[in-house]
């Protein structure tokens with residue numbers, strides 16, 4: 001396959017054929033993200049992508065069941081391009097059952113409801129949306145391109161179009177301090193409750209050298225949470241989720257404690273576990289920093 005630079009995909013796509021349709025991210029301004037900073041955003045020529053699909057068909061990818069469209073936001077692609085790629089994928093791989101992608105909030109909002117439904121019906125089933133937080137001011141500060149209202153509309157538009165929506169949030173964006181983390185957890189839980197994704201993952205903020213957020217930390221403008229503050233924010237987020245049957249994970253490499261369950265069915269069990277670790281300040285149950293990373 002013809003890849004350019006580092007390729008990123010959600011943890012759940014580790015078995016997927018990774019098909020680059022764009023290089024980089026159409027937004028690429030988020031202050032906490034370093035993934036695409038070295039790439040200039042552009043759409044790959046359609047003929048190159050179709051050639052890649054045929055190459056994959058003729059190799060060990062021939063039994064592919066899942067495909068992830070990368071780099072960072074295939075929803076931004078023109079309609080005719082996206083539909084051509086989806087058609088070619090399902091023609092090439094008889095066992096294909098799911099095509100997925102990251103979805104940017106701005107690019108999602110640029111698509112009409114009819115266009116989103118057409119993409120979904122053509123076989124793009126799952127969208128991973130970086131919600132990050134439900135705090136309007138914080139979303140603008142980290143340069144997501146939208147505020148809370150826009151983020152909520154983007155998520156709801158995907159749900160209404162029939163996508164299997166996977167929302168991703170980040171604990172710690174607001175920095176340390178109990179009042180700040182409780183506010184962020186409440187606003188984020190409210191966003192999730194209204195958006196109604198089928199899946200929710202929470203990651204832990206990491207200040208990555210080379211990002212504007214890292215510079216904020218170095219200048220003393222942002223104080224990173226302690227591990228136990230992060231667990232407390234996770235606890236508050238989980239406690240306030242009111243959806244039933246929500247697949248919840250907090251087992252990314254950045255997280256201090258791996259968590260996986262169903263909300264709100266497993267809510268009390270998760271809250272109790274976190275309460276116990278927080279109360280005891282039990283560092284033995286935390287993932288060592290050497291094993292944490294993106």
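Values in this text are rule-based calculations from the coordinates and carry no lab data. Because the structure is a prediction, the values reported are computed rather than measured. Every residue, glycine as well, gets a Cβ built from its backbone with ideal geometry; the counts of neighbours run over all protein chains shown.
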Full-stretch length increase - residue 60, residue 179 - with 0.36 nm per residue and alpha-carbon distance subtracted = 37.6 nm
Whole-Å distance, taken between Cα centres, linking the range 134-190 and the range 44-79 | 30
Dimensionless Rg ratio for the chain, taking C-alpha atoms and the 2.2 N^0.38 Å reference = 1.01
Going by how many other Cβ atoms sit within 10 Å of their own, how do 80, 282 line up, fewest first?
-> 80, 282
FRET efficiency for residue 141 and residue 285, using Cβ-Cβ distance with R0 set to 45 Å, rounded to 0.05 = 0.90
Among the DSSP beta bridges whose two residues both lie in the chain, what percent are antiparallel, rounded to the nearest 5?
-> 20
Among beta bridges that DSSP assigns inside the range 23-146, antiparallel share in %, nearest 5 | 10
Label point 7 Å out from residue 112 along Cα-to-Cβ: which residues of the range 161-205 have amide N under 16 Å?
-> 161
How far, in nm, would the chain grow between residue 80 and residue 223 when pulled straight, counting 0.36 nm per residue and subtracting the alpha carbon separation?
-> 46.9 nm
Express the relative contact order of the range 11-287 as a whole percentage, based on alpha carbon pairs under 8 Å and six or more residues apart in sequence.
-> 15
Gap separating the Cα centres of the range 17-36 and the range 193-268, nearest whole Å | 21
Exposure proxy order (Cβ contacts within 10 Å, fewest to most) of 163, 60, 32, 228 = 60, 228, 32, 163
Residue order, fewest to most beta carbons within 10 Å, for 73, 275 = 275, 73
On full extension of the chain, what length is gained from residue 196 through residue 269, given 0.36 nm per residue of separation minus the C-alpha to C-alpha distance?
-> 24.1 nm
